[in-house]
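S.K.: Could you have a look at this structure, given as structure tokens, before my questions?
What follows draws every value from the coordinates through simple rules; no lab data is involved. Keep in mind the model is a prediction, meaning the values are calculated, not measured. Virtual Cβ from ideal backbone geometry, glycine too; neighbours counted across all protein chains shown.
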Amino acid sequence: MRGRFRMTLAQKRRNSGYLFILPWLIGFVFLFAYPLIQSIQFSFNRIIITTGGYELQFVGWGNYREALFVHARYIRVLTGSIVQMVSDVPLILIFSLFAAVLVNQKFRGRMFARALFFLPVILTSGIIMKMLQQDWMTAITQAGMGENTFDSMGLSSVNLRRYLRESGLNQDYVSYILAAVDNIYGIINQSGVQILVLLAGLQSVSSSLYEAAYIEGATRWEAFWKITFPLVSPFLLACAVYTTIDSFTAQSNETMRLVHDTAFGQQQLALSAAMAWIYFVAIMAVLGAVIALVSRKVFYHES
Amino acid sequence: MPTPQPAQAGTLYGKMRRTMNSSRLLRKVTLFRLTGFVWAVFRYVTIIGLGYLILHPLLLMLSSAFMHASDLSDSTVVWIPKTFTLDNFKAALYFMHYKEAFFNSLFLAVSTTLLHVCTCTFVGYGFARFRFRGRNVLFALVLLTLIVPPQALMIPTFLHFRFFDFFGVIEMLTGKPGLNLLDTFWPFLLLSATGMGYKNGLYILIMRQFFRGLPGELEEAALVDGAGVFRTFYRIMLPNAVPAIVTILLFSFVWQWNDYFFVNLFLENMKVLPLTLDSMATNISTTIGYPLDPFRQSMINNTGSLLVILPLVILYLFAQRYFIEGIERSGLVG
């Protein structure tokens with residue numbers, strides 16, 4: 001009789017597994033999935049706040065149409081954010097890889113340098129980022145830093161511009177590099193976590209590979225491109241995904257600020273939901289394309 | 001002149017000597033040392049330059065916090081103020097309601113952080129060490145919570161906590177359309193306890209990866225000795241997971257402390273540091289009757305920002321090791 005109720009060990013483990021994830025499951029259903037479906041529902045309706053709650057009025061694609069074709073700023077801000085993201089992600093990856101290679105070497109003050117590069121994660125999140133962005137003095141000294149300090153060193157971006165133009169490079173590359181130089185501050189601020197992830201990647205590369213390459217006569221430059229780069233490429237892909245999501249969900253994001261203002265500034269709750277979903281779909285499309293393109297080039301060990 | 005990488009250069013040198021003749025070897029080693037030296041110089045210059053950029057906002061805050069308004073128009077003053085003053089601090093402390101806001105913020109950050117850590121450790125362990133149906137699908141949903149921006153969910157969440165109800169129970173008992181939980185800490189606590197707080201998907205991911213990296217024999221030994229699942233968890237697995245726990249603890253505290261989005265969404269009259277810092281300019285202009293001139297306001301804002309992040313900077317000074325090693329060791333990327 002008792003045998004019928006006794007569970008096997010595997011069944012017991014399975015049930016304890018469910019027990020462990022139960023808190024998350026409750027939260028997911030009530031505080032994520034439900035609002036998610038509601039938010040999609042809102043985007044097809046008009047919300048009317050009444051004294052005893054709110055009422056919905058179905059309008060079909062009306063909110064989406066309004067966001068895309070009627071709203072004065074949305075489409076401009078949206079394309080701006082996406083273009084900004086597409087141009088920033090490679091820069092952040094290049095800078096993070098550069099910084100990670102830099103602090104991966106043995107030298108005096110290495111721990112200090114690592115701590116320094118990670119500081120932006122703490123300094124420039126949330127409210128501090130907001131304050132810095134709207135601050136007068138930072139704006140002025142940052143602009144001043146770009147011109148005066150570098151000017152006196154003969155390295156202003158104006159000089160750089162002339163130099164690059166004369167070098168015969170494609171104009172598109174030139175303006176991309178110049179934009180990167182002017183935006184170096186923003187790039188550093190968004191690279192903290194990526195540097196650490198790539199650092200972990202660099203440390204997973206066995207040093208015997210380098211020894212073998214140097215004996216065969218490879219230079220450091222060749223060793224970097226033939227050994228380091230392929231072996232950290234999976235980490236680069238992870239960083240690319242992280243960077244995209246991070247910049248997309250960041251509260252300093254221009255589109256997200258518009259979404260927020262539309263909801264709480266202008267009280268157009270449904271329109272703001274539609275705006276958020278259009279942005280989400282656009283970003284997922286970009287992310288999917290990037291992963292599909294890059295993951296074929298990524299090198300994996302046979303494991 | 002130091003060799004570029006002493007530890008490896010020794011063995012490298014030995015191997016090279018066995019494979020090359022001496023003049024070629026000499027040339028090769030000299031070239032190696034030369035590039036190593038140039039690289040070292042380049043490295044220090046780059047790190048100092050980037051360090052300046054990174055520390056710039058912090059230095060600016062520090063410098064303008066102690067600066068007197070008269071120093072602003074003095075062109076000889078760049079970083080170090082001529083007239084030291086604590087006026088900015090006094091103004092910022094007063095208009096930010098610092099004491100009250102500080103303790104509210106502290107309570108909020110500490111309580112949510114503890115809940116984040118408990119829930120995420122628990123759930124991460126569940127995903128890492130148990131096989132059950134739908135595990136992979138559910139874990140994919142954890143990642144989904146990371147990808148969907150909080151802005152997309154903010155309106156339903158807002159309305160949800162404005163008219164909080166649980167299967168209509170509250171409406172039945174009180175007759176009102178749900179409880180208003182806005183302007184209390186309940187929304188934060190409920191979200192954190194159920195693993196839906198700010199960036200909780202990331203913490204669950206970190207804990208899961210960490211637990212997967214621990215050897216299975218630890219658990220098996222405890223189970224064979226007759227310990228139950230929960231006993232094994234908190235007696236055997238938890239003590240081993242301390243590095244990962246410290247990592248998510250620190251991240252959670254820092255991000256919660258600085259968070260502006262959720263406090264702005266859920267709190268209106270409750271004073272917490274990010275909100276009082278943000279509204280300080282308005283607060284000043286309504287008190288004195290006219291807006292302060294932008295430079296003076298900027299000085300006070302910088303002082304306020306400094307006051308907000310000062311606890312974090314002190315925390316970072318002591319705990320930066322855990323922030324940095326935590327991510328490397330947690331196997332977040334593996």
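S.K.: Based solely on its DSSP helices, what 222 nm [θ] is calculated for chain B when runs of n ≥ 4 H residues each add -39,500 (n - 2.57) and the sum is averaged over all residues, nearest 500 deg cm²/dmol?
M.R.: About -23500 deg cm²/dmol.
S.K.: Determine the gain in length on full extension of the stretch residue A:171-residue A:26; use 0.36 nm per residue of separation and subtract their C-alpha separation, reporting nm with one decimal.
M.R.: 46.8 nm
S.K.: Let me ask you something else. Can you check what the Kirkwood hydrodynamic radius comes to for region A:2-62, Cα pairs only, in Å to one decimal?
M.R.: Result for region A:2-62, one decimal place: 15.2 Å.
S.K.: Where does each of B:290, B:52, A:185 land when they are ranked from fewest to most other beta-carbon atoms within 10 angstrom?
M.R.: The order, fewest Cβ neighbours first, is B:290, B:52, A:185.
S.K.: Apply the Karplus curve 6.51 cos²θ - 1.76 cosθ + 1.60, θ = phi - 60°, to the phi angles in region A:11-17 and return the couplings in whole Hz, x for Gly and Pro.
M.R.: After applying 6.51 cos²θ - 1.76 cosθ + 1.60, I find 5, 4, 4, 5, 5, 5, x Hz.
S.K.: Around residue A:46, which amide H atoms from residues at least 5 apart in sequence, or from another chain, sit under 5 Å from its own amide H, with H modelled in the peptide plane?
M.R.: Correct list: A:57, A:58, A:59.
S.K.: Given q = 0.11, 0.13, 0.15, 0.16 Å⁻¹, what are the Debye log10 I(q)/I(0) values for region B:155-313, with equal point scatterers placed on the Cα positions and solvent ignored?
M.R.: Values returned for q = 0.11, 0.13, 0.15, 0.16 Å⁻¹ are -0.71, -0.87, -0.98, -1.02.
S.K.: Okay, moving on. Around residue B:260, which amide H atoms from residues at least 5 apart in sequence, or from another chain, sit under 5 Å from its own amide H, with H modelled in the peptide plane?
M.R.: For residue B:260, the qualifying residues are A:127.
S.K.: Could I ask something else about it? What relative contact order, as a whole-number percentage, does chain B give when Cα pairs under 8 Å and 6 or more residues apart are counted?
M.R.: Dividing the mean separation by the residue count of chain B yields 25 percent.
S.K.: Right, another one. Between region B:195-263 and region A:169-191, how far is it from one alpha carbon centroid to the other, in angstrom?
M.R.: 39
S.K.: Right, something else. Could you derive backbone 3J(HN,Hα) for region B:247-260 from the dihedral phi with the Karplus parameters 6.51, -1.76 and 1.60 (θ = phi - 60°), listing whole Hz in sequence and x where the residue is Gly or Pro?
M.R.: Whole-Hz 3J(HN,Hα) from phi for region B:247-260: 4, 5, 4, 5, 4, 4, 4, 5, 5, 5, 4, 8, 4, 10.
S.K.: Now a separate question. Show me the GluC sites (Glu not before Pro) within region A:212-303 that DSSP assigns to loop and that have at most 15 other Cβ atoms within 10 Å of their Cβ.
M.R.: A:216, A:302
S.K.: To make sure I understand the rule: partners must be lysines, Cα under 16 Å from the Cα of residue B:90, and not fewer than 8 residues away in the same chain. Which ones qualify?
M.R.: Result set, ordered by chain and number: B:99.
S.K.: Treating cross-link reach as a plain straight distance, find the lysines whose alpha-carbon is under 18 Å from the alpha-carbon of residue A:226, omitting any fewer than eight places away in the same chain.
M.R.: Those lysines meeting the cut-off are A:297.
S.K.: With a ≥ b ≥ c the root eigenvalues of the C-alpha gyration tensor of chain B, is it rounded (a/c under 1.5), prolate (a/b larger than b/c) or oblate?
M.R.: It comes out oblate by the Cα gyration axes.
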